[in-house]
C-alpha cells in the first residue's frame, strides 16, 4: 500500500493539499516574529499583523486592543480555516480531522465541569472553551451532578461517548474525580486515535504514531508527577497510562511505582529520546518539565509539518504574546 | 546600410521610456504637499529607503495608524448604512478637502453619535423583541393550557363518575384521590418559553433525559420570524410549554433552558389574568414601536448625512494613507530638516515633477525650495511603456510572459498585427468572424459605460481584450474570405468558379473531375473545391505550406529584432557571433524550404519537397532527378548545408572565448581585490558607493552559451514544426463547422417537418455559439499566444525586467475598487 498511496492522492486530497500549502504560505515567518518582538504597543502588533494573513480578522477592531482580542481573532482564523478544510474533506481524512478536535472537546468538558463545580457562570466558561472542541449541547454539562448524569444527559450524543463508558461511576464530581476522568478519557481517545491511524497505514500511520506515542508518554509522565503524594493508588495510576508509546509496557511499570520526581527521571532517562529533555533539567525540578516537553512537541509537529503529508501538519502556530 | 538603420526615426512603443534615477530633497514643511502633488501627477516611482525598518519604526507611523483608524470608522459607517438599507448617494457632494485633523474629529463625533444611538435603540429593541416573544408565548401557550385544563377536567369528571358509580370503592379510593389532587395542585407545574426552532428537538430530548421522562412537552412553531433579542437576527422560533413536577426538576429544566438559550416567560394559569397581561403587553408594544420608529428615523437621517460625504472621505483617507506610506519611504537628511527621497522617473516627466515640487513649495509657503537632481544608477531601471486603450491589451499579452528588460525591443509592437493574424489563420471563417466582430463592436461602443462598471471576471477579461477581439475578428473575416468559408458554405463573391463539368450532365464530376476553362478565381480558394474529392489534399497542402512560410517569416523577424537589440546595446559581439550565424542557420535550412515552396507554387512543378529536403541531408551529392526545381539547385544545396554546419560552431565557441579574453584584458594586473572601506564615506553618494562587482566564470558562460546554441539549433526544427499548428487548427475548425452544417443543419432541413427543422436549427446555433465561437476561439487564441511567446519571442526577448509602478492616486483608487 505504502508505495501506491501517492498515485490516487490528488483525487482525494489534492484540493486540501493545495489549501494547506496556501495556509502554509500565510504563516508568520521568522522575520515576522522578529518584528513582532520589537513591537512596543498592541497597536504596533495590530499594524504589523495587518500586513499578514491575519489582517482581515483584526482590521475592524476598534483601537484600544486587548491581548485577548488579538488571540481570539487569530484563533478564529485558525478555526475558520480548519472548519473549511473539515467541510471539504472526504473519508478517511474527515474522520482524521475530527479526531484532532476530540482532544479539545475533552478539555472543554473538563473545563465546564470543573467550572460549574466552583460555581462559575456558564457563559463565562463557554467563552474560555477552545472553539475547535465545541459541540451542540456543551452548555448543558452544567446540569449534571455526577458522572452517570454527565454521560446520560450530554456526552452520549457526542463522539466522546465510547471513551466515557470506561469511567462511568456513580461517584460525585470532585476535583480528583474530574482529573481521573480527564485522564481516562484521554487514554481512551489516544488509543482510539492510534488504532485509527494504524488502520489508515502508510505515511499517516508512520507520522501520527510517532506523534501520538510522544503524547501518550508525555501524559504518562505528567500523571505520574501529578499523582505523587496523592491518594491515587499505584494500580489506579497504572490504569491511566495509555497502552502504547515508547514507555509501554516496561516504562509504565517503573513509572507506576515512582515516589518522587528523581525516580521518574531515573525511569525516563533509559529512553534515548527523552534523555535530552531530562538532561536540560536540574535535579528535583519539575516546573520546567512542561515547557521542555512542549518545546519537544512543537519540534516534532514542525518536522511532521515539513513532511507535508496529509493532515499531519494542520496545526498552525498561534501568535504568542 | 548601418547608417540607414541609425537614421530611422525611433518607433513608439519599440523601446520603453528612458528612465532616470532622481533624488528629491524636500523640506519637511512642504513634504506632505509635495508628495500628494506627485501622487496626482503619478509619474514617479519611489524607492523604499527604509526597507530594513519594520513598519512601526518608521517616521510617520502615527499618521498611518490614524488613517487606519479612520478608515475603520468609515467602514463602520458603511456597514451601518448598508444595514439600515440606505443607498449611499450616487452623486456625492464634492466639497473642498477638509484638513485631516478636522476630518478625524468629525469622524470621531459621528462614530460616537452612531454608537450611542445604536446602544439606545439596542436596548429598546431588546425589550421590544422580548415583549414580542412574550406575546407569542402567551398566545400559543395559553391555548395549550386551556386544552390541557379541559382534558384534566374531563378526566376528573370521568374518574369521579366511576368512583360514584361503585360505592364499594369510595372509601378506599377517596383518600388516594385527595392526595392526588393536592399533588396535582401543588406539584404539577409548568415552564413556558420560546426557543430556536433548530434546537427544539434536541431540547426536548435533553429535557426527557434530565427528568427521566417525567414531563410533558408541548410545542408549536411561532407564526412569523422573530428577531432574537440577543443576536438581533431574524430566526424561526418555537413556543414550548413543559409540564413537570417537583422542585428539583424545575431547577434542572431552568438550567437546561439557559444552556439552550431558550427564553422563559411566565404564563399565568388563570385565563382572565392572561388576557389582562396580553392587553398590557400589546399597549406597551405599540408604545415601544413608536419610540423605535422615531429612533430609526433619527438614525437614518444621521446616516444619510454621512452617506453624502462617505465616498469623498474614503478616497481622501485612502490618498492620505498612501501619502504617508510614501513619506515613510523617505529618509531624513543629517540636519533632520529635509526629507530625502529617491525614485525612478521617466525622462520626459522630469519637468512636470519639478513643476509639481515648485508648486508644493509655493503653496506651503516654504522658505527653502525642493532640490531635484539626477543620480547615477547601478541597477537596471524599470520598464515603462506609454500605452493607450488600443495597445494596452497587446502589451498585456507580452507582459504576461515577462516584463521587457529596460529598453529592449518590445514585441508588443508586432504583436498588434501578428497576433490577430495568426489567430485568424486558425480561425478563418468570415461568418464566425462577423459574429466576433459584432461582439467586439458592442463592447467598444459601450466602452465608456462599461469602463465605469464593475464587471465579472470573465466579462472584465473580454472587455480588456476588446481591441484584440476587434482585430482578431477583422483578420478572421479576411482569412475566411481567402479560405472561402462562411459557416463552411462556399460563396461566389469574386466572380464565378474557374472550373466546370466536362459535359452538361456532370455525371463524371466525381470520377474524372472538372476541367478548368478560364482564369483562376481572383481571390482566395475557388468555391468549386468544396465537397470535391481533392478538397482535403488541396487545402492541406496549401495551409501547410502557408504555415511554414508564415513561421519562417516570423522567426526571421525575431532574429532580426535580436540584431536591433544588439545594435541598441552596442554589443557587436552579439551581432557577429549570435545574430549572423543564427540567421544563416535558419535560412539555409528553412529559408531554403520556403524558397522551394514559392518556386513550386509559381512554376506549378510536381517536385516532392519532402524528398528534396530529406535527401539534402542524407546524400547531398546525389542527382535530384525529377525533383529538380531550378538550375544549380544541387550546388546551392551543398553550399547551404555547409553554411548551416559552419554556423553551429560559429554561434557556440567564439563568444565565450572572446568574453574571457576581454575580461582578462580589462582586469590585467589587478590581481588584488579592491579594499572595501567599512566606514561610510560622507562625500560619496550612497548609491555610487555601491561597487558593481562582477565575477567572470568562464565555465558558466560557456555552458550558458552551449545551452543557448543547442536550444536554437534544435528549436529551428521544432519551432518550424510548431508553426504547423496553424494548419492543424485551421483544418480542425473547418472540419468541425462542416460537420455541424452538413450533419445537423442540412440533415434536419431534409425533413419536411417544422419541429425537426427548428430543433436542428437550435442545435446548430448552440454548437456554433458554444463550440465554434467560444471553445475554438479560446483554443486558437491560446495557440496564437504560444506561437508568440515561445516561437517568436525566444529569438530575442529576455523579459526579465520589472514594471514601472509610479506612486499615483489614480492607480490606488483602481486597486481599491
> Would you say residue A:265 is part of a helix (DSSP H, G or I), at pLDDT 80 or above and either buried (at least 16 other Cβ atoms within 10 Å of the Cβ) or at positive phi (or both)?
Replying inline: no
> residue A:28 versus (1) within 14 Å of another protein chain (Cβ to nearest Cβ); (2) touching a helix residue (DSSP H, G or I) at 6+ places or on another chain (Cβ under 7 Å); (3) surrounded by 15 or more Cβ atoms within 10 Å (Cβ to Cβ): which is the lone unmet condition?
Replying inline: (2)
> Restricting attention to the stretch B:217-234, and to residues there that are surrounded by 14 or more Cβ atoms within 10 Å (Cβ to Cβ) and in contact with a strand residue (DSSP E or B) (Cβ under 6 Å, 6 or more places away or on another chain), which single residue is modelled with the lowest pLDDT?
Replying inline: B:228
> Of the residues that sit in the stretch A:44-60 and are at the interface with another protein chain (Cβ under 8 Å from one of its Cβ atoms) and farther than 12 Å from residue B:55 by Cα, which one is surrounded by the fewest Cβ atoms within 10 Å (Cβ to Cβ)?
Replying inline: A:60
>> Would you confirm, using the coordinates I've provided, whether residue A:127 is at pLDDT 85 or above and either assigned by the TED database to the domain that holds residue A:154 or over 23 Å from residue B:202 (Cβ atoms) (or both)?
In response: no
>> Out of everything in the stretch A:100-124 that is within 13 Å of chain B (Cβ to nearest Cβ) and in a loop (DSSP other than H, G, I, E, B), what residue ends up being nearest to residue B:198 (Cα to Cα)?
In response: A:121
>> Regarding the stretch A:100-110, can at least one residue be identified that is surrounded by fewer than 20 Cβ atoms within 10 Å (Cβ to Cβ), without any contact (Cβ under 8 Å) to a residue 24 or more places away in the chain and not assigned by the TED database to the domain that holds residue A:86?
In response: no
> Of all residues in the stretch A:152-171, which are at pLDDT 70 or above, part of a helix (DSSP H, G or I) and more than 12 Å from chain B (Cβ to nearest Cβ)?
Replying inline: A:161, A:162, A:163, A:164, A:165
>> Looking at the stretch A:84-97, can you tell me whether even one residue there is without any contact (Cβ under 8 Å) to a residue 12 or more places away in the chain and within 14 Å of chain B (Cβ to nearest Cβ)?
In response: no
> Any chance the stretch A:100-116 includes a residue that's at pLDDT below 85, closer than 25 Å to residue B:261 by Cβ and touching a strand residue (DSSP E or B) at 6+ places or on another chain (Cβ under 9 Å)?
Replying inline: no
>> What are the pairs with Cβ atoms under 7 angstrom where one residue, in the stretch B:733-758, is in a loop (DSSP other than H, G, I, E, B) and the other, located anywhere, is surrounded by 13 or more Cβ atoms within 10 Å (Cβ to Cβ)? Sequence gap at least six, or different chains.
In response: B:751/B:757
> Of A:127, A:149, which residue is part of a helix (DSSP H, G or I) and within 25 Å of residue A:75 (Cβ to Cβ)?
Replying inline: A:127
> Applying the selection to the stretch B:444-484, what residues are touching a residue at least 12 places away in the same chain (Cβ under 8 Å), closer than 18 Å to residue B:388 by Cβ and part of a helix (DSSP H, G or I)?
Replying inline: B:444, B:447, B:450, B:451, B:463, B:464, B:466, B:467, B:468, B:469, B:470, B:471
>> Just to be sure before I move on: is residue B:296 modelled with pLDDT of 80 or more and either buried (at least 19 other Cβ atoms within 10 Å of the Cβ) or part of a strand (DSSP E or B) (or both) in the structure I sent?
In response: no
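Table: residues versus (1) touching a strand residue (DSSP E or B) at 6+ places or on another chain (Cβ under 9 Å); (2) under 30 Å from residue B:551 (Cβ atoms).
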| residue | (1), (2) |
| --- | --- |
| B:371 | yes, no |
| B:374 | yes, no |
| B:399 | yes, yes |
| B:419 | no, yes |
| B:426 | no, yes |
| B:429 | yes, yes |
| B:437 | no, yes |
| B:461 | no, yes |
> Which number in (1) closer than 30 Å to residue B:115 by Cα; (2) in the same structural domain as residue A:146 (by the TED database); (3) surrounded by fewer than 16 Cβ atoms within 10 Å (Cβ to Cβ) marks the one condition that residue A:122 misses?
Replying inline: (3)
>> What's the total number of residues in the stretch A:130-140 that are assigned to a helix (DSSP H, G or I) and within 13 Å of chain B (Cβ to nearest Cβ)?
In response: 3
>> Checking the structure you have, find out if any residue of the stretch B:62-79 is at pLDDT 75 or above, part of a loop (DSSP other than H, G, I, E, B) and either away from chain A (no Cβ under 14 Å) or within 14 Å of residue B:314 (Cα to Cα) (or both).
In response: no
>> For the stretch B:254-281, give me the residue count where each residue is under 51 Å from the mean Cα position of the chain (by Cα), within 14 Å of chain A (Cβ to nearest Cβ) and touching a residue at least 60 places away in the same chain (Cβ under 8 Å).
In response: 4
> Can residue A:12 be described as surrounded by fewer than 14 Cβ atoms within 10 Å (Cβ to Cβ) and away from chain B (no Cβ under 14 Å)?
Replying inline: no
>> Suppose the filter is under 30 Å from residue B:390 (Cα atoms), surrounded by 16 or more Cβ atoms within 10 Å (Cβ to Cβ) and either modelled with pLDDT of 85 or more or away from chain A (no Cβ under 14 Å) (or both); does residue B:44 pass it?
In response: yes
> Quick one: would you say residue B:326 is in a helix (DSSP H, G or I) and surrounded by fewer than 14 Cβ atoms within 10 Å (Cβ to Cβ)?
Replying inline: no
> Within the stretch B:359-382, can one find any residue that is exposed (fewer than 15 other Cβ atoms within 10 Å of the Cβ) and under 25 Å from the mean Cα position of the chain (by Cα)?
Replying inline: no
> Which of the residues spanning the stretch B:239-253 are within 14 Å of chain A (Cβ to nearest Cβ) and farther than 23 Å from residue B:134 by Cβ?
Replying inline: B:248, B:249, B:252
> If we only count helices (runs of 4 or more DSSP H) wholly inside the stretch B:533-645, which ones have 2 or more residues that are out of contact with any helix residue (DSSP H, G or I) (no Cβ under 6 Å at 6 or more places or on another chain)?
Replying inline: B:535-568, B:592-603, B:609-618
>> Which condition from (1) within 22 Å of residue B:227 (Cα to Cα); (2) part of a helix (DSSP H, G or I); (3) at pLDDT below 85 is the one that residue B:284 breaks?
In response: (3)
> Taking the stretch B:711-744, which residues are surrounded by fewer than 17 Cβ atoms within 10 Å (Cβ to Cβ) and in contact with a helix residue (DSSP H, G or I) (Cβ under 7 Å, 6 or more places away or on another chain)?
Replying inline: B:724, B:731
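The values are calculated or read from the model by the stated rules, or taken from the named source; none is laboratory data. Since the structure is predicted, the reported quantities are computational estimates derived from the model, not experimental observations. In this analysis, Cβ positions are derived from the backbone assuming ideal geometry, glycine residues included, and neighbour counts consider all displayed protein chains.
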